Structures are given as C-alpha cells and as structure tokens.
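Chemist: This structure is in structure tokens; I'll ask about it shortly.
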Amino acid sequence: MGKRIGILTSGGDCPGLNAVIRGVAKASYHLMPDIEIIGIQDGYRGLIHGEYKTMKKSDFSGILTLGGTILGTSRQPFKLMRVIGEDNVDKVKNMKANYKAMKLDGLLILGGNGTHKTAALLAEEGLNVIGLPKTIDNDLYGTDVTFGFHSALDIATDCIDKIHTTATSHGRVMVVELMGNKSGWLTLNAGVAGGADAILLPEIPYDLEKVAKVMDQRAEKGKAFSIIAVAEGAMDLQEAKMKRKERLAARKAAGYSSVGAKLAAELEQLTGNETRLVLPGHIQRGGSPSAYDRVLSTQFGAYAARLIQQNIYGVGVAMVDGKVTHHPLKDIAGKSKLVQPDDPLVLCAKDLGIVFGD
C-alpha cells in the first residue's frame, strides 16, 4: 500500500507556495508512484475542522507560475493552539484526530515562524511532520533564504525604482513603507537595490534628527529629493522604549496610521520639505513567483519528497550555503533570524552613505 501525505499552507500567502506544492507532488509521484496526496484546506483551520480532499495529478499541473496557494490559507496564532475558546474546540486534539482519520503517513506544512512553532508542537504530539520555510520576511532561523522573499524583494525594489521618477520631478521626500514587522531583511535589501538614501529597520531604532540631516545634506548638494525605505515595524528611539501595544496606541492617539505616516509628518515638520508616504502593502505578497523563487521552491519541494521516501520527519527544510538540507524542528521553531547592526549588507550600505538613523 502506498503512502498518504497531507499538505497544508499556513499564515500569509506569498509567491512560491504553489511552486513548492508542485515540487512536492511531481517528485513524490516520480519517487513513489503509488503515493496519495491529501490537500488540507485553509491551513491549520482545515486540519482542525477536517476540511480536506484527495488530490489528483492534474491538480498540480500549471501551478508553477501561479501566485497565492491553491489550498487556501489562514492565520491560526500559535499562542492560542492549546487554548480552548468559546467554540469549545480542542484544536490540538482535533488536529491529531483528523491526521489519524486521513490515515496520513506524513504531513507537509508550508509556513513561517508561527507555522513552524505549531509544526514542532504537532511533532511533539507524535505526528510525522515536515516544515517548509515560507515568508517574505526571510526571518526563519536555520535557513539562508525562504521562498517568497526574492519575489517580494523584486516587487519592493520595483516600487522604489518607480518612486524615484516622481520624487525627482517634484523635489519631494518619499517615504516607502515596506512589509516587515519584526525583521528588516526585505526593507534592507530593497533599500540597497533601489538606491534609497535612508533605510529604517525594526532592529535598529532611529534618531529622527539623523534621518532629517541626510535630507538637508542632499539639499545642500542640489538634490531636492530623498527616498526613505522604512519597514512597517521600525521605531524611533523613544518608541523603542515602549512595548509594541503601547507604541501602536501612542501612534494612533497622535493620529498616525503607521510608522511611515508618523515619519513622513515629522520629517516634513522638521525640515520643511514636502514629504509623501507610499504604501505598496499586500502587493508585495502578490503575483507570480520570480525565477529565483521558482527554482528554490522546486528544490525545497523535491527535497521534502525525498525526506518522505526515507521516512525522515520532525524536521524543517532549509537552504544552507547553497545546499538544501534539514534541521530538527525543535532546534529552529520559535527562533528568528534578525538583521544585526554589523550585518555585512548594513555595513556596505553605510559605506555608500545610506543612513540608518543610529
């Protein structure tokens, strides 16, 4: 009798999810011709409520270039996984029961930090689980790169590229707020690739006056415009002393919808330069995966199929030094890979004169 494996995608969507699903399926059918693949709907919610279907080979055709996820996704916070809410649903108990009801030999889980924490929980509960590293934030511990990151980076960079022309034409300061609540990898890379004059990250609290100074210096050189790339989780020195809820409440009370809105208003007041906020938002998650992500996703998916063939579970797939490998989930779940102030790319950016506000 052939193996039965389940696949689910959890958390925020991103380009490359379908490419991984396809990579898993094509390699699995090649390595284990009698395998059955079960598609679990809408992430952990589908596993909790028993929403799934048996996939056909044709379901995996034509999805390499397709954005989003054919299985659907949802956000199920890890901190609530063992909490029984008003619906009286024991989520962990249900997931274990549905795994058994589906007669699964293994479960592939595609997601980011929170998803991997729940994957580790399920592994501890005795399920055969493999995690695959998805996030546009590129902040998963243990892997050099996550799928979805490069596609989002291309979009974020293209946004900054296009802002240059309008910023130059009007002599404006343009604040481009990019995704990245806890980590700044996307903003750091897009800022360097797009030629930003300042890059503000969650990991490096900024001094507003130091950011304003770069604009004044550019104006003195006859450059009337400036581009500032700011991560949505960035904060100034005063905000860094607050807890996240306090920080967000203080901004809301002051009438600011985000760090970018606050920064743009404060810079305009401080410098007198016309300043505008640009919010690419969920566009960064959308569209077709880049060629890089198609290759990476295919490699990750095929590697996961090999792990299934060899009955290797309780691990997360990763790319380390150009090679696909795996780590025990217990060693990587709950840890984040954050930008360090002495990261080589940060130091390179500073050598170019890019300001981080520190």
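The values are calculated or read from the model by the stated rules, or taken from the named source; none is laboratory data. None of these values were measured; they are calculated from a predicted model. Quick reminder, even Gly has a Cβ in these numbers, built from the backbone with ideal geometry, and neighbours come from all protein chains shown. For accessibility, only protein heavy atoms count, side chains too; no ligands or nucleic acids. Shrake-Rupley method; radii C 1.70, N 1.55, O 1.52, S 1.80 Å.
Chemist: Does L329 satisfy the criteria of being open to solvent by 50 Å² or more (accessible area, probe 1.4 Å) and more than 21 Å from G233 (Cβ to Cβ)?
Modeler: Numbers: open to solvent by 50 Å² or more (accessible area, probe 1.4 Å): no; more than 21 Å from G233 (Cβ to Cβ): yes.
When the stated conditions are applied, L329 does not pass them.
Chemist: Would you mind listing the helices (runs of 4 or more DSSP H) fully within the stretch 262-358 where at least 2 residues are closer than 30 Å to G171 by Cα and within 22 Å of the chain's Cα centre (by Cα)? Even if it seems obvious, please write down each step before you answer.
Modeler: Working: elements: 291-309, 329-332, 344-351.
Helices (runs of 4 or more DSSP H) meeting the threshold: 344-351.
Chemist: Among the residues of the stretch 218-249, which ones are open to solvent by less than 80 Å² (accessible area, probe 1.4 Å), part of a helix (DSSP H, G or I) and not small (G, A, S)?
Modeler: Scanning the stretch 218-249 gives R218, E239, R247, L248.
Chemist: Mind listing whichever residues of the stretch 250-272 are open to solvent by 40 Å² or more (accessible area, probe 1.4 Å), touching a residue at least 60 places away in the same chain (Cβ under 8 Å) and not hydrophobic (A, V, I, L, M, F, W, C)?
Modeler: Result: E268, single match.
Chemist: Taking I109 as the residue in question, decide whether it is farther than 19 Å from D13 by Cα, hydrophobic (A, V, I, L, M, F, W, C), in contact with a Ser or Thr (Cβ under 9 Å, 6 or more places away or on another chain) and surrounded by 18 or more Cβ atoms within 10 Å (Cβ to Cβ).
Modeler: no
Chemist: Do you know which of the residues in the stretch 120-136 that are aliphatic (A, V, I, L, M) and in a loop (DSSP other than H, G, I, E, B) is nearest to the chain's Cα centre (by Cα)?
Modeler: Let us first name the residues in the stretch 120-136 that are aliphatic (A, V, I, L, M), namely 120-123, 127, 129-130, 132, 136.
Checking which are in a loop (DSSP other than H, G, I, E, B) leaves us with 127, 136.
Details: L127: 25, I136: 3 Å.
Going through the qualifying residues, I end up with I136.
Chemist: Tally up the residues in the stretch 50-68 that are crowded, with 17+ Cβ neighbours inside 10 Å and outside any loop (DSSP other than H, G, I, E, B), please.
Modeler: At the first step, the residues of the stretch 50-68 found to be crowded, with 17+ Cβ neighbours inside 10 Å are 52, 55, 59-60, 63-64, 66-68.
Filter once more, keeping what is outside any loop (DSSP other than H, G, I, E, B): 52, 59-60.
Count: 3.
Chemist: So which residues in the stretch 150-190 are open to solvent by less than 10 Å² (accessible area, probe 1.4 Å) and assigned to a helix (DSSP H, G or I)?
Modeler: S151, A152, A156, I160, A167, L186, T187, L188, A190
Chemist: Take the stretch 11-48 and flag every residue that is small (G, A, S), surrounded by 22 or more Cβ atoms within 10 Å (Cβ to Cβ) and in a helix (DSSP H, G or I).
Modeler: A19, G23, A25, S28, G46, listed by residue number.
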